[in-house]
1. What residue, of GLY124, GLY107, GLY130, is closer than 30 Å to ARG226 by Cβ, of a type outside the set (Ser, Thr, Tyr), out of contact with any helix residue (DSSP H, G or I) (no Cβ under 6 Å at 6 or more places or on another chain) and modelled with pLDDT of 95 or more?
2. If I go through region 116-131 residue by residue, how many of them are closer than 9 Å to SER68 by Cα and either in a strand (DSSP E or B) or more than 8 Å from the ligand (Cβ to nearest atom) (or both)?
3. Pick from region 100-115 the residues that are over 11 Å from the mean Cα position of the chain (by Cα) and closer than 30 Å to ALA223 by Cβ: which of them is nearest to the ligand (Cβ to nearest atom)?
4. Residue under question is LEU46, and the condition is that it be hydrophobic (A, V, I, L, M, F, W, C) and either within 16 Å of the ligand (Cβ to nearest atom) or touching a Phe, Trp or Tyr at 6+ places or on another chain (Cβ under 9 Å) (or both); does it hold?
5. Quick check on region 146-201: of everything there that is surrounded by 16 or more Cβ atoms within 10 Å (Cβ to Cβ) and of a type in the set (S, T, N, Q), which residue is farthest from the ligand (Cβ to nearest atom)?
Amino acid sequence: MTLSPGELARTGLRFDLDQPLPGAATVTLSRPERRNAQTPGMWRGLAAIGRSLPEQVRVVVIRGEGSSFSAGIDLRLLGGEAVPGSEPLPSPADPGFEDWIASCQEGFGWLRQPEIVSIAAVHGHAIGAGFQLALGCDLRVLADTAQLCMREPTLGLVPDLMGTKPLVDIVGLPRALEICLTGRILAAAEARELRLAELVVPADEMNGAVSDLAAAILTIGPATARATKELLARAPRSTLAEQAAAERAAQAPLIRPRVLTPGAPTL
Ligand code: ACO
C-alpha cells in the first residue's frame with residue numbers, strides 16, 4: 001500500500017526521495033509541536049514507506065523535525081485520549097493484541113532489510129519509542145545535543161518496538177539492563193562510548209555528516225553492499241567455520257562477472 005504525501009502527512013511523516021542524495025531517501029518525523037511523538041498511525045505510515053520503497057533507494061535517513069528526534073509514544077494515547085491521524089491503543093484484553101503490536105513493529109523492521117542501509121540522524125531527545133526507532137536503524141549519527149532514554153519501564157511498560165535486541169547486541173546485557181531499568185538519560189558522548197553512535201558531531205554539522213556517510217555508502221555497488229550487510233548480520237550467530245563458508249558463498253556471484261569481464265564496474 002502506497003500512501004500519498006497528504007496521507008503520510010496526516011500520520012506525521014514526510015518522505016523525500018533523492019534526499020540527501022540521489023539513491024537515498026529521507027523520512028522525517030514531522031510533528032515538531034509534539035516533539036515528534038509517535039502514534040500507531042505513524043508506525044503504519046513507516047511500514048507503508050518500507051513496503052513501497054522505490055528500488056533505487058539504497059540509503060534511508062530517519063530524522064526528526066524541530067528540536068527533538070522523537071519524544072516517544074504520544075502520551076495522550078496511554079491516557080486513552082484520541083490523537084488525530086491515529087487509531088487509539090486497543091485494550092490488552094482484546095484478542096489479537098499481540099498481533100496488533102506486531103503490526104506496529106512492521107514500521108521498524110524494514111529498516112534492517114539487506115537492500116538498504118538505514119541511518120538515524122538524532123538530535124535532541126530520542127526517548128522511548130524514539131530511542132527504539134534510532135536503534136532500529138543500521139547506523140546512528142548523533143548531534144552533540146542528542147539525549148537517549150529508554151523510558152518504557154519507568155512507565156510500567158517494556159520496550160516493544162524492536163529496540164531490545166539491537167540495544168543488547170550493541171551494549172551487552174548488563175549495560176542494557178541498567179539503561180532500561182534506571183530510565184536515565186544518555187548524553188551523546190556516553191552514547192558514543194557505548195557504541196550507540198557511529199559518529200557524534202556538532203548539531204550544525206549533522207546534515208553534512210549524514211550526507212557524507214550516505215555518499216560513501218552509495219559508492220559501493222548495490223549487490224556488494226547487500227551481500228556485505230547480509231554477511232555481517234549473520235556473523236554474531238555463526239561459528240568461525242560457518243562464517244568462512246558464508247564468505248565463500250557470498251563471494252562467488254560477486255567475483256564471477258568481474259573475472260569474466262575485466263574492468264567491469266562494481267556490482
Ligand atoms: N506525547 C505527547 N505530547 C508530547 C510528548 C509526548 N511523548 N512529548 C512532548 N509533548 C508535547 C508537550 O505536551 C508539549 O505540548 P504543549 O505545547 O501543548 O504543552 C509539547 O510537546 C512540547 O513539549 P515540552 O515538554 O514543552 O518540550 P521540551 O522541549 O521542554 O521537552 C521532552 C521535550 C524532554 C521530550 C519532554 O517533552 C518530554 O519529556 N516528553 C515526554 C517523553 C516521554 O515520556 N515519552 C514516552 C516514552 S515511553 C514510549 O515511547 C513507549
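The values are calculated or read from the model by the stated rules, or taken from the named source; none is laboratory data. These figures come from a predicted structure and were not determined experimentally. Cβ sites come from the backbone with ideal geometry, for glycine too, and all protein chains shown count toward neighbours.
1. Working: GLY124 fails: closer than 30 Å to ARG226 by Cβ; GLY107 fails: out of contact with any helix residue (DSSP H, G or I) (no Cβ under 6 Å at 6 or more places or on another chain).
Answer to the check: GLY130.
2. Within region 116-131, the first condition is being closer than 9 Å to SER68 by Cα, and the residues that meet it are 122-126.
Pick out the ones that are also either in a strand (DSSP E or B) or more than 8 Å from the ligand (Cβ to nearest atom) (or both) and you get 122-123, 125-126.
Residues that pass the stated criteria total 4.
3. The initial filter retains those residues of region 100-115 that are over 11 Å from the mean Cα position of the chain (by Cα), namely 100-106, 114-115.
Next cut, closer than 30 Å to ALA223 by Cβ only: 105-106, 114-115.
Working: GLN105: 13, GLU106: 17, PRO114: 28, GLU115: 28 Å.
The residue in question is GLN105.
4. On the way: hydrophobic (A, V, I, L, M, F, W, C): yes; either within 16 Å of the ligand (Cβ to nearest atom) or touching a Phe, Trp or Tyr at 6+ places or on another chain (Cβ under 9 Å) (or both): yes.
Yes, satisfied.
5. THR164
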